[in-house]
Amino acid sequence: MREGFILYNTDCRVVLRELAKVGTAVNLTLTSPPYNIGKDYEEPKSLGEYVGWCSAWMNEVWGVTAPGGAFWLNLGYLSVEGKGRAVPIAYILWDKSLFYLQQEVVWSYGAGVTAKRFFAPRNEKWLFYTKDANDYTFNLDDVRDPNVKYPNQKKNGKFRCNPLGKNPSDVWDFPKVTTGSNRSSRERTPHPAQFPLGVVDRIVKVSSDYSDVLLDPFSGSGSSGIAAVGNGRVYIGVELREDYCRASAERHERFLAARDDEASQAALSVL
Ligand SMILES: C[S@@+](CC[C@H](N)C(=O)[O-])C[C@H]1O[C@@H](n2cnc3c(N)ncnc32)[C@H](O)[C@@H]1O
């Protein structure tokens, strides 16, 4: 635990049950679970077992979510024998919890693997859910896109466009965290499925407020935690693998050191 960053090295369902027991109210959960596609951090399950397991932990998340809270779920693709090679997991899981689905956001990530007999995959989905259909935090002004083509266009003397920028829409462009010599991202950690900070930063800003409690039950490299603490929220992360916990705790320390360094540079510049 360090400056609003709490990381548990265990199964997320153990922590979810404890949070429920002590009555913790989580304002926002953002996460990406294992996709059941044979990664080395997964336990293989049949499709039925996988859906049952996801439904169970998602409903436990629902149970600890505050009344105005939100749940952002990142999902890729899996193959279903005899049915489909790359079935969007969102098609399978979208209604398997008590949350209310507000919308699907397409995360377009640019580069990736190539293909010859189908189109090269370049997107994943984010399902945006809330506990209540109408009462939820949505700080649109904090995430507006300032990249407006005609910012000064007016109608009846009034600016046509919000001066803070436009609504970023439901298609988001954030490059994946890449690996490999010459093309490795600066933020790269050893985790193979790391969220880029840009995408989680947008979700933290739009769906939570200062000092809110955020949860990532499949914390991995801890990107959600950096976005949470960087925006003044409290982070609870859970990660089963000890090596990922260690790497993300070290990454968090580096983040705090860089932030302190920046703050002292800024302080010096006004002296
Ligand atoms: C898709 S990755 C998440 C990556 C993360 N979004 C990031 O930015 O690094 C899923 C993670 O869940 C972890 N995991 C798998 N089963 C778990 C469980 N039952 N409880 C907690 N963590 C688990 C895996 O070790 C893996 O790091």
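What follows draws every value from the coordinates through simple rules; no lab data is involved. The structure presented is a predicted model; accordingly, all values stated were derived computationally and were not measured. No Cβ is skipped: glycine too gets one built from the backbone with ideal geometry, and neighbour counts run over all protein chains shown.
A few notes on this one:
- Matching residues in segment 225-240 - criterion: being more than 9 Å from the ligand (Cβ to nearest atom), hydrophobic (A, V, I, L, M, F, W, C) and either under 15 Å from Thr29 (Cβ atoms) or crowded, with 24+ Cβ neighbours inside 10 Å (or both): Ile226, Ala227, Ala228, Val234, Ile236
- Members of segment 206-224 that are within 9 Å of the ligand (Cβ to nearest atom) and either crowded, with 22+ Cβ neighbours inside 10 Å or under 15 Å from Thr65 (Cβ atoms) (or both): Asp216, Pro217, Ser219, Gly220, Ser221, Gly222, Ser223, Ser224
- Taking the criterion of being more than 16 Å from the ligand (Cβ to nearest atom), part of a helix (DSSP H, G or I), surrounded by 15 or more Cβ atoms within 10 Å (Cβ to Cβ) and under 20 Å from the mean Cα position of the chain (by Cα), the only residue of segment 39-68 that qualifies is Trp62.
- Among (1) in contact with a Pro (Cβ under 6 Å, 6 or more places away or on another chain); (2) within 14 Å of the ligand (Cβ to nearest atom), the one test that Gly165 misses: (2)
- Annotation: of all residues in segment 1-16 being over 16 Å from Val234 (Cβ atoms) and touching a helix residue (DSSP H, G or I) at 6+ places or on another chain (Cβ under 7 Å), the one that is surrounded by the most Cβ atoms within 10 Å (Cβ to Cβ) is Leu16.
- Each residue in segment 124-161 was checked for being loosely packed, with under 14 Cβ neighbours inside 10 Å and in contact with an Asp or Glu (Cβ under 8 Å, 6 or more places away or on another chain), and 1 of them qualify.
- Output for segment 130-172, where each listed residue is among the hydroxyl-bearing types (Ser, Thr, Tyr), assigned to a loop (DSSP other than H, G, I, E, B) and within 26 Å of Gly68 (Cα to Cα): Tyr136, Thr137, Ser169
- Residue among Arg186, Arg246, Arg251, Arg202 that is exposed (fewer than 12 other Cβ atoms within 10 Å of the Cβ) and within 16 Å of the ligand (Cβ to nearest atom): Arg186
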